[in-house]
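Participant: There's a structure below that I have some questions on.
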Amino acid sequence: MADDAAGQDKRKQHRARQSGVKADKKKVKAKKESNQKEPELTARQRNPKAFAINSAQRAERNFRRKEDLTAKKQHIPVVDQTPDEPPPVLIAVVGPPKVGKTTLIKDLIKTFTRTNVSEIKGPITIVTSKKRRITLLECNNDINSMIDVAKCADLVLLLCDASYGFEMEIFEFLNICQVHGMPKIMGVLTHLDMIKNTKQLRKRKKELKHRFWTEVYDGAKLFYLSGLLHGEYLRNEIKNLGRFISVMKFRPLQWRGAHSYLLVDRVEDVTNTDTVRRNPKCDREVVLYGYVRGVPLKQEHMVHIAGLGDARIDELSVIPDPCPLPGTEKKRSLLEKERLLYAPMSGVGGIVYDKDAVYIELQGSHSHKEQTAEATEQAALVSKLIEKKATMDEQMEEQQFRLFSDAAPIKSKDFKSDVEDEEDEEAADDSGLDAASSDDEDDNEFAANDWRGENSDEDEDQQQSEQSDASSGDEEYQQLGTAGSDEEDEDDEQSRLLANNMNWKSNLAQKARDAFLQRHSESRNLMRLVYGVYNQSERNKQEQLEKEQDDESDEELGGLFRVAAKQQTELQKDKDIRDKEERCFFEYQGGVTRDWLSEDNKQLIKNCFVTGKWKASEDAENLLKLDDMSDADSEVYGDFEDLETGEQHSGKPKDEAAASEDADDAPTAGEKRKMTRVEEENLTKKELMAKKLKLKAKFDAEYDNHGEKGDEDGGRITGDHSFYEDLKAEAQKQSELNKSEFAQLDNELRIQIEGYRAGLYVRLGFKTMPAEFVENFDASYPVLVGALNMTEENVGYVNCKVKKHRWYKKILKTGDPLIVSMGWRRFQTVAIYAKVEDNFRQRYLKYTPNHVTCSMTFWGPITPQNTGFLALQTVRHDQEEMKRLGFRIAATGCVSELDKSSQIMKKLKLVGHPFKIYKNTAYVKDMFHSSLEVAKFEGAKIKTVSGIRGQIKKAHHTPEGSYRATFEDKIVLSDIVFCRTWFRVEVPRFYAPITTLLLPADQKSQWQGMKTLGQLKRERALQNEAQPDSMYTEIVRKPKIFRPLVIPKALQRALPYKDKPKLGPENPREALERVAVVESPYEQKVAKMMKMIETNYKDKRNRDRKETQQRMKKFRAQKRADEASKQQHQKQLRKKVSRAISKMRGKNDK
Amino acid sequence: MPPVAQEGNCLIYRGSNFLKQRLVLSCLSGKPVKITQIRAEDEGAPGLREYEISLIRLLDKLTNGTKIELNPAGTSVMFSPGLLHGGHLEHDCCVQRGIGYYLDALIALGPFCKMPLKCQLRGVTNSNDSPSVDHVKGAALSLLKRYLLVDEGLELRVVRRGVAPLGGGEVLFTCPVRKSLRAIQLQEPGMVKRIRGTVYACKVSPAMANRTVESAKGCMLKFLPDVYIYTDQNRGKMSGNSPGFGICLLAETTDGVCFAADCISNTREESDTPSIPEDLGREAAMRLLDEIYRGGCCDSAYQWLAALFMALGQKHVSKFLTGALSTYTVHFLQHLRDFFSVTFKLENPEIDEDDEDDVRGAQKVLMTCVGIGYTNVSKRVL
């Protein structure tokens, strides 16, 4: 932003303070530093005793606490995927209407590029600094747009009218963001000038800030735009905002780290105008443009266009960046012409692309100058396009023409020309050889011969089995395919050999370059062998060629015989491998393996074993030697000489041995010796390298971890975080590898392997797009194209965890249509809610519970687990509806499982009635309809209302559907028998993507999908007939008549008397009839006698009682008298004693 | 060979070749595949073979929601895959092919199932046309381990051996599930440090096994002192249904790479002359040496597995050094491109000029690719 200031007046130099607190502090500091050159000691170092460990327990606790804190800070390291040239940062300006979004965008553009933009439509890309571009996007008030914007924005400027406060849209948007991976959010308060009172203003700011913090996070940046000046925000404030934007860092988000996407900034309809004229509703060919974001994009993957549906990319190509970053010259600020602005949908950038016309707008001379470069480029593109719009016939003619006049390019494509190509290559190699080695040609040729000789020897060795390099491994594959291709392969081989020769003998720089080229071509050959024509452009050309051939009658043309032959060979190839048995082994030709025990063969694999020769970098002996060296020596080169001679000594005998083995081939041996000498030099070089590395490692080990060690010495105990550090380092390494691995490749191959990486400006062609997309295109609705990963284009049952939003007023009903935004998609589906029970059974719920998560299953696109989603009941923008609902987000959650079948269960109680009861067996009817049904339930547990458990045994013939059951006790006829079962609930297979982009402009916010039953009934004023069962009626109960209790006789007999039923008088109320008793004289006598005795006895008893009473009275009186005398006596005694004691005390006192 | 046509998502192929590759990749990618003209020209026995149908059955058991349509002649099959389910499976493999044929598919699919796979396979454990169970255990599982990181729950147990033609063997394969695979860089094959092996004999004299061991060991000892070959003599119920013997050698390098080679005796149908144990041992040793010569970071029979896991890895660069590519791998790479649109960068790695004299075996191939970021969509998260 330094450049912004450059436009203003000359800057004043900074003058350091000469007096005051700050200056004093600085002086003191400077003095201190000059006094004491050593680094300042920490408190711990100055006073180690104070930090000594006194209590092991406390030390342990402290340590643990510290470790807890560090562990809390750690996050799983994520591999950074931002490319070297990242796409423009996508900044979305969001807020309710009339809050100042367009003004803000205009002002931002003006500060960055000094251009006035009249109309903001669609994304606008501008270059803001040497390293950063931004795309500004305005989000309208439709919830569909808000969702799409939240999915793709890197930074959201959330505008809020401070005089009004936060509106519901803002809270909705924040919730949408949270679900789809939180982008960076910066609040911007506008309309602050509406509040006149400063105190109130301050209060308002604080209030809003805190409310904002609770929603986003504590300390989230809230920016204040204090007011308008000439219809613009204050320049300083906008500049500050710009600075904030241009230094902002972004953290990777999970969904976007796994998917590529692009925000379309230009749309073109390239359908043949004639077809459109004939049928205005025909499917259109549409071309979309945009920067690839996220991960690399691949053509073969399906994409989802939000608000339209899934589509397959028909054509994908990179086009030059319309808004490139400036070059890498060392300047601090941007040049005027580097401040580019690219806004194809708005009225800037010079060109407006309409449906079928291109308008070029000429503003001032300034803006014209600015656009020249891109304008010409775009003009070229446009002209190309216009060219393309020629009729089909013309195109055909043109293609034909090309075919005839320009035979060479066609030739180069077909099969035979490959050979020619390679021959060409060979020739080129030859020429290269000549040119490179004209100084010592003789030597070269000699060497080449030898080299070739050796190689051909080897070839002979290996002719039975596969050859020494990979391409020859493929040769075997080729041979399977076609015999004809053999030759060509050999040619290829030879050319490579030749190339090898050349490489060996030319000078070093040349060698390195050639080696690179050769390796490149080699690997290309390898890839060609595997993938055939793997290049995109080549493939396209070939396809085109084939198409042409199909169009023509090929017999007539002489030039096409070759093509036919090629087709023939392909057919042959196809036939040869068709129905081939599938074996994963490496195929031996002729089924014979090489004899590895023979001496020359043995040499080939000797070094594959630990007993063979180790590489210099891993040989233990070597390493030891290096170790000693690095320990002992100070001068590297002195030892180096020594080492070399030592090496030579050890090297020579080996060579001689080799020579003796190959005694017949003396010159070769000599050559070999020479070569090894050269290599020894290299080897020592390599060793030197290894040694240096080792020394460096040692140095690193000593000095890099010095700080930690020092701390340890100081007595502080640090934890072991090596695991985390390793993970971090690994992620870092991977990120570097990702960046560097393909950086050297040419762009086409790189795209082939890697895909269209983020930051490229691409052109996506789609073949069959609905006509409405083009006709009803509205630039204020963002077009988001999101790539789908493997299996994500399929549909299945999606099971999620879901929670009704606490601000949503209603609860959600099972089976009601619901609009879900998940992944890139927005769609309507029918959800079934369930509760996961302890045994993982999903039990059907009729409604979502309040404040608790529940499980939800619906039929929808397969989306990876843990993807967040949100549910809405409607996306219509209806003021009344909004007022009624208040908050539109009905539920949020995340995906937990995907399957092709659902397991939601509903409890079902089958009820039956016994109709015949034997002891523990009963026959039950009314539970099933047929004996087949019964057969399915044999062995099922049943239960009566009274709690007697039982089991279904077998079906019974009459009535149909009845069965025999056994119970643990005898049941009664009036019992009801239950069978508890679980019934699977089918999830409706309804999935309808929302197609808001297809609707006409006035209906865009009125998308209406399937309606709920309630809605339909309300609309049509239908009411359910209440079920008679559900009606409230008066309950009439008959008095229950119980049968008299009958106790069996045997039981009666066994009962104790008191429980026995008593056989009382029949009529207890009637007085008993007296019966006259006439006694016999004897009986009279006995009775008289008895009476007398009784009287006697009674009299005696009375007398005794009286006597006893008197005796008792006397005894008690006696006892009382005794007691009294005893008391008297004791009293006197006490008196006596007391007197004696008092006397004694009196004596003592004296 | 590329697909003949593509209808929406569905890939259409012609001919029965590489049926397994296509079905396995179809299961992983979720793309339906249609294969037509299966042995249409074979008048005697057109259509799918029994073992192929058995494979389709196994895949059906392994997945949930798979739809298979065969035409009456069996010359055309439409396979639209469901989601991988896994769990406890039992399968009677057709004896026309070895269990290795089926195991390959399970190894490729196992890590991406909903539930950890526990599969009991019955059939021919050792045969000529597919890797024997020892081979799979040695070479494929060691490779799989590298991608799974933790090998808990990964096991291949040979319960019973049964050689061709009647089989009767049984293996138990368990495999854990993973959410995603890491991108790894394997470029150092290391040097062979030890050689192990198994010689098995079923319903034949134990002397056969010992003679085989002797000759194989004799060959290998010329290269390395650390050679140990186990003998596995089976009798009665444990020996399957038909007689035979064979050998599987395993070479392990300092960096944990395993190479394996198989050799098995002739069955009665194959030739009249019975195999000589000494020849068998020597042949196996030669094959192992061939394998060592080819080198790379995996066994040549499982290059495809390495390529598959590379392609399915996270969206990062992974590298793998292999020996010369086999035909099977070449076709597999083509299929990977069809199904996952992954193109590998293949190149012959630069040989250090210094190491020119101590070449370690054949020219290697360095495969480089960017994974597609495949995640296991079937697994349940709580």
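Throughout, read-outs are computed from the coordinates displayed, never taken from laboratory work. This structure is a prediction, so every number in the text was calculated from the model and none was measured. Ideal geometry is used to build each Cβ from the backbone, glycine not excepted, and the neighbour counts take in all protein chains shown.
Participant: Of all trypsin sites (Lys or Arg not before Pro) in segment A:248-336, which ones are in loop regions per DSSP and have a Cβ with at most 16 other Cβ atoms within 10 Å?
Facilitator: Sparse-neighbourhood loop trypsin sites (Lys or Arg not before Pro): A:K249, A:K281, A:K330, A:K331, A:R332.
Participant: Now, a different point. Please give the length that would be gained between A:R763 and A:Q732 if that part of the chain were fully extended, namely 0.36 nm times their separation in residues minus their C-alpha to C-alpha distance (nm, one decimal).
Facilitator: Working: separation 31, 0.36 × 31 = 11.16 nm, distance 3.21 nm.
That pair, A:R763 and A:Q732, stretches by 8.0 nm at full extension.
Participant: Something else about it: Please work out the FRET efficiency for the pair A:A59 and A:A220, using the Cβ-Cβ distance as r and a Förster radius of 51 Å; give the result to the nearest 0.05. Show your work: numbers first, answer last.
Facilitator: Working: r = 39 Å, r/R0 = 0.76.
The value I calculate is 0.85.
Participant: Provide the gained length on full extension for the span A:K12 to A:K906, in nm with one decimal, where the gain is 0.36 nm per separating residue minus the Cα-Cα distance.
Facilitator: Extending this stretch completely gives an extra 313.9 nm.
Participant: Let me know the mean shielding of B:288-295 by other chains, meaning the per-residue number of their Cβ atoms within 10 Å of its Cβ.
Facilitator: 6
Participant: Additional query: Counting only DSSP beta bridges with both residues in segment B:192-294, what percent are antiparallel, rounded to the nearest 5?
Facilitator: That works out to approximately 70 percent antiparallel.
Participant: Taking other Cβ within 10 Å of each residue's Cβ, how do A:R65, A:R763 sort, fewest first?
Facilitator: The order, fewest Cβ neighbours first, is A:R65, A:R763.
Participant: Okay, moving on. Output ³J(HN,Hα) for segment B:254-271: one whole-Hz value per residue in order, computed from phi by the Karplus curve 6.51 cos²θ - 1.76 cosθ + 1.60 with θ = phi - 60°, and x for Gly and Pro.
Facilitator: 5, 9, x, 7, 10, 10, 9, 9, 10, 7, 9, 5, 5, 8, 5, 6, 5, 8
Participant: Cut-off is 10 Å between beta-carbons; in what order do A:E968, A:E582 appear when sorted fewest neighbours first?
Facilitator: Arranged by neighbour count, lowest to highest, A:E968, A:E582 become A:E968, A:E582.
Participant: Scan around B:L89 for amide H atoms under 5 Å from its own, H built in the peptide plane at 1.01 Å from N, and keep only partners 5 or more places away or cross-chain.
Facilitator: B:K118, B:C119, B:Q120
Participant: Here is a follow-up. Can you say what percent of the DSSP beta bridges in segment B:1-83, counting only those with both residues inside, are antiparallel? Round to 5.
Facilitator: Rounded to the nearest five, the antiparallel share is 75 percent.
Participant: Let me ask something additional. Rg to Rh ratio, segment A:1067-1106, alpha-carbon atoms and Kirkwood radius?
Facilitator: 1.29
Participant: Compute the FRET efficiency between B:R57 and A:Q1023 as 1/(1 + (r/R0)^6), taking r as their Cβ-Cβ distance and R0 = 60 Å, and round to the nearest 0.05.
Facilitator: That gives a FRET efficiency of 0.65.
Participant: While we're looking at this one, here's another question. Report, as a whole number in µm² per second, the diffusion coefficient that Stokes-Einstein gives for segment B:192-294 at 10 °C and 1.306 mPa s using the Kirkwood radius over alpha carbon pairs.
Facilitator: So the translational diffusion coefficient is about 115 µm²/s.
Participant: Per-residue Cβ counts within 10 Å, from other chains only, averaged over B:33-41: what number is that?
Facilitator: Working: counts 0, 0, 0, 0, 2, 2, 2, 2, 3.
Per residue, the average neighbour count from other chains is 1.
Participant: As an exercise, identify the trypsin sites (Lys or Arg not before Pro) in segment B:102-196 lying in DSSP coil whose Cβ has no more than 15 other Cβ atoms within 10 Å.
Facilitator: For trypsin sites (Lys or Arg not before Pro) across segment B:102-196 that sit outside H, G, I, E and B with at most 15 neighbouring Cβ atoms in 10 Å, the list reads B:K179.
Participant: Using mean Cβ contacts within 10 Å as the protection proxy, how do A:857-864, A:868-875 order, highest first? The partial results should precede the final answer.
Facilitator: Numbers: A:857-864: 24.5, A:868-875: 22.9.
Peptide ranking by packing, descending: A:857-864, A:868-875.
Participant: Assuming a viscosity of 0.692 mPa s and a temperature of 37 °C, what translational diffusion coefficient in µm² per second does Stokes-Einstein assign to segment A:1024-1150, Rh being the Kirkwood radius over Cα pairs?
Facilitator: 120 µm²/s
Participant: Given the convex hull over the Cα atoms of segment B:1-83, what projected area results after averaging over all orientations, in nm²?
Facilitator: 5.2 nm²
Participant: Let me ask you something else. Neighbour counts of other C-beta atoms within 10 Å: give me A:H913, A:H956 arranged from fewest to most. Walk me through the numbers before you get to the answer.
Facilitator: Numbers: A:H913 16, A:H956 19.
Final ranking by Cβ density, sparse to dense: A:H913, A:H956.
Participant: I'd like the FRET efficiency for B:E278 and A:L693, computed as 1/(1 + (r/R0)^6) with the beta carbon distance as r and R0 of 45 Å, rounded to 0.05. Numbers along the way, then the final one.
Facilitator: Numbers: r = 49 Å, r/R0 = 1.09.
Working from the Cβ atoms, E equals 0.35.
Participant: If you keep only loop residues by DSSP, which GluC sites (Glu not before Pro) in segment A:1069-1104 have at most 16 other Cβ atoms within 10 Å of their Cβ?
Facilitator: When the GluC sites (Glu not before Pro) of segment A:1069-1104 are filtered for loop state and at most 16 Cβ neighbours within 10 Å, A:E1070, A:E1073, A:E1079 remain.
Participant: With labels modelled as points extended 7 Å from the Cα through the Cβ direction, what inter-label distance (nm, one decimal) is found for A:V852 paired with A:E1107?
Facilitator: 9.0 nm
Participant: Per residue of chain B, what 222 nm ellipticity follows from adding -39500 (n - 2.57) for every DSSP H run with n ≥ 4, rounded to the nearest 500?
Facilitator: Helix-only estimate at 222 nm: -8000 deg cm²/dmol.
Participant: If we count every other residue with Cβ under 12 angstrom of A:G947's Cβ, Lys/Arg +1 and Asp/Glu -1, where does the sum land?
Facilitator: Once positives and negatives cancel, what remains is -1.
Participant: According to a simple spin-label model (label point 7 Å from Cα along Cα-to-Cβ), what is the distance in nm between B:E155 and A:N240?
Facilitator: 6.8 nm
Participant: In nm, give the distance between the simple-model label positions of B:T174 and A:F723, each being 7 Å from the Cα along the Cα-to-Cβ direction.
Facilitator: Label at B:T174, label at A:F723, 2.4 nm between them.
Participant: Ordered by packing density, taken as the mean number of other Cβ atoms within 10 Å over each peptide's residues, highest first, how do B:23-29, A:1005-1011, B:183-189 rank?
Facilitator: Details: B:23-29: 23.1, A:1005-1011: 16.3, B:183-189: 18.9.
Result, highest mean first: B:23-29, B:183-189, A:1005-1011.
Participant: By how many nm would the segment from A:V836 to A:V945 lengthen if fully extended, with 0.36 nm per residue of separation less the alpha-carbon distance?
Facilitator: Computed gain between A:V836 and A:V945 is 36.5 nm.
Participant: Filter B:K179/B:K319; A:K101/A:K205; A:K106/A:K883; A:K804/A:K835; A:K835/B:K118; A:K1098/A:K1119 down to the pairs with a C-alpha to C-alpha distance above 23 Å, please.
Facilitator: Flagged as over cut-off: A:K106/A:K883; A:K835/B:K118; A:K1098/A:K1119.
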